[in-house]
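Only one structure is covered here, and it is reproduced in the block below.
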Amino acid sequence: MSGTAKSDHYDIVIAGGGMIGTSLALALAPLGLRVAIVEAVARKECQQPSFDDRSTALSRSTQRMFEAMGIWPDIVAAATPIRDIHVSDKGRFGFSHINAEQQGVEALGYVVINRVLGSVLQSMLAGLDGIDFLCPARIVGVELGPDAAVAMVEPDNHGKTKKLSCSLLVAADGANSAVRAMLGISVQTSEYGQHAVIGNLLPEKGLNNCAYERFTSQGPLAILPVADDRAGFVWTVSEHDAQRVLALNDADFLAEIQSEFGYRLGKFSRVGKRAAYPLVLSKAVRLTATRSVLVGNSAHGLHPVSAQGFNLGMRDVAALCDCAADALSATGHVDLGNEQLLQRFATWRYSDQNKLVNFTDNLVRIFGSSRPPTRILRDIGMIGFDLIPGVRSLFAKHTMGLAGRLPRLSRGVPLR
Ligand SMILES: Cc1cc2nc3c(=O)[nH]c(=O)nc-3n(C[C@H](O)[C@H](O)[C@H](O)COP(=O)(O)OP(=O)(O)OC[C@H]3O[C@@H](n4cnc5c(N)ncnc54)[C@H](O)[C@@H]3O)c2cc1C
């Protein structure tokens with residue numbers, strides 16, 4: 001376990017130092033709080049579940065957050081801008097298209113490899129005072145009291161369990177959040193019966209900063225621009241087909257993904273390492289318990305079709321930071337686990353989370369169905385999307401994370 005606690009009480013303890021937990025700790029830094037992060041898996045281990053080989057499309061609101069936090073220059077140096085999004089439906093004519101210039105922005109989003117984002121975030125964290133990083137260690141129990149929450153932390157070597165007392169406990173420990181269960185918050189889940197197979201390949205033609213989303217009979221296939229002319233792919237296949245697809249030799253794999261995508265980017269070659277993720281929609285029934293809140297995937301797990309899970313989690317981070325900053329500026333020092341703050345956070349986040357969960361789920365069901373009424377709806381949707389004024393802008397606004405009432409970090413305004 002690295003990092004040493006100077007006293008036993010923290011303002012905030014964050015369970016999970018993945019994409020969201022680490023971003024939250026960095027975002028809170030200007031408030032000068034005592035923060036501890038407890039992360040189960042060391043980054044240097046290849047099985048680190050958050051900072052792995054997936055590519056993540058960062059929305060405009062996430063970009064603005066990283067700008068306001070002062071770390072965007074390091075992230076953008078390793079990211080690829082998306083200037084166009086091309087949406088098509090296999091076996092149907094036509095396509096839809098969103099362009100950055102038409103939306104009045106330099107880029108619709110940026111693609112970064114999680115592993116690379118992890119290095120940037122963790123090296124920033126290492127340079128900060130006031131944050132203790134306990135890793136590898138996991139939270140194995142919680143006690144919630146009127147004056148403090150206590151997290152029981154077990155180091156990876158099964159050494160002595162340590163108790164961390166805090167004003168606010170934040171569960172950022174992912175979709176299968178153990179801390180959420182310890183808080184007594186249940187979760188509604190719905191399995192899609194699909195897996196996302198991810199990796200990268202080399203297309204014959206350059207992507208020219210265009211991201212492609214193609215709806216196929218098995219599910220959506222996204223092709224994203226990444227560094228060195230390579231393309232990251234997120235290919236949704238049915239559950240029973242995932243192991244077969246992973247086991248294909250490179251030539252057979254390339255032939256199958258090519259037949260789903262077509263030849264718009266010429267011939268595919270040189271596929272890299274592949275991995276598969278089961279796809280489940282999950283939504284916590286509550287976002288708070290005594291002195292504790294849920295953020296990121298512990299609060300909501302989305303299908304990657306809309307590339308919004310991390311971006312939505314970043315808006316949880318931004319809203320929590322806003323609530324903490326406002327409470328601190330009103331009173332100087334405040335108990336961050338107070339009920340008023342928790343309620344403000346939960347009320348703020350419900351609407352954005354519900355909208356995006358429903359939007360993403362509808363997208364999967366409408367485009368994943370071959371039933372005639374759904375196909376007609378889908379065709380009308382595709383036509384309306386391109387021709388009805390405002391529809392495309394509204395969709396782009398949601399995709400960029402700019403819809404609704406945004407916290408200051410999501411607007412690019414620093415906390416202090
Ligand atoms: C194939 C795929 C593609 C995706 N593409 C995009 C995209 O383009 N854009 C986008 O916005 N989103 C995307 N997402 C979603 C995004 O990856 C997730 O929303 C994001 O990783 C969630 O981060 P998190 O930190 O909340 O959870 P996680 O990434 O799951 O991290 C949780 C962390 O908590 C740690 N942990 C677990 N239990 C404990 C414990 N008891 N104690 C301490 N630590 C613990 C884990 O080790 C881990 O590091 C995609 C998802 C998939 C599957």
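The values are calculated or read from the model by the stated rules, or taken from the named source; none is laboratory data. No experiment lies behind these values; they were computed from the predicted model shown. All Cβ positions, glycine included, derive from the backbone under ideal geometry; neighbour counts span all protein chains shown. Heavy atoms of the whole protein, side chains included, go into the accessibility calculation; ligands, DNA and RNA do not. Shrake-Rupley method; radii C 1.70, N 1.55, O 1.52, S 1.80 Å.
A few comments on the model shown:
- Being within 24 Å of GLN48 (Cβ to Cβ), out of contact with any Lys or Arg (no Cβ under 8 Å at 6 or more places or on another chain) and hydroxyl-bearing (Ser, Thr, Tyr) holds for only one residue in SER186, SER123, SER190, SER165, and it is SER123.
- Residues of the stretch 58-108 that turn out to be among the aliphatic types (A, V, I, L, M), in a strand (DSSP E or B) and within 17 Å of VAL317 (Cβ to Cβ), as a count: 1
- Positions within the stretch 249-282 being more than 24 Å from TYR192 (Cα to Cα), assigned to a strand (DSSP E or B) and open to solvent by less than 30 Å² (accessible area, probe 1.4 Å), in sequence order: PHE268
- Flag if ASN208 is modelled with pLDDT of 95 or more, open to solvent by 50 Å² or more (accessible area, probe 1.4 Å) and at positive phi: yes
- GLY301 within 8 Å of the ligand (Cβ to nearest atom) and either crowded, with 18+ Cβ neighbours inside 10 Å or at pLDDT below 95 (or both): yes
- Test result for SER238, open to solvent by 10 Å² or more (accessible area, probe 1.4 Å), modelled with pLDDT under 95 and either touching a Gly at 6+ places or on another chain (Cβ under 6 Å) or within 16 Å of the ligand (Cβ to nearest atom) (or both): yes
- Residues in the stretch 54-78 that are more than 10 Å from the ligand (Cβ to nearest atom) and over 15 Å from VAL120 (Cβ atoms) were compared, and the one that is surrounded by the fewest Cβ atoms within 10 Å (Cβ to Cβ) is ALA68.
- Residues of the stretch 323-345 that turn out to be over 20 Å from ALA148 (Cβ atoms) and surrounded by 12 or more Cβ atoms within 10 Å (Cβ to Cβ), as a count: 4
- Exclusive hit being β-branched (Val, Ile, Thr) and assigned to a loop (DSSP other than H, G, I, E, B), set ILE185, ILE198: ILE185
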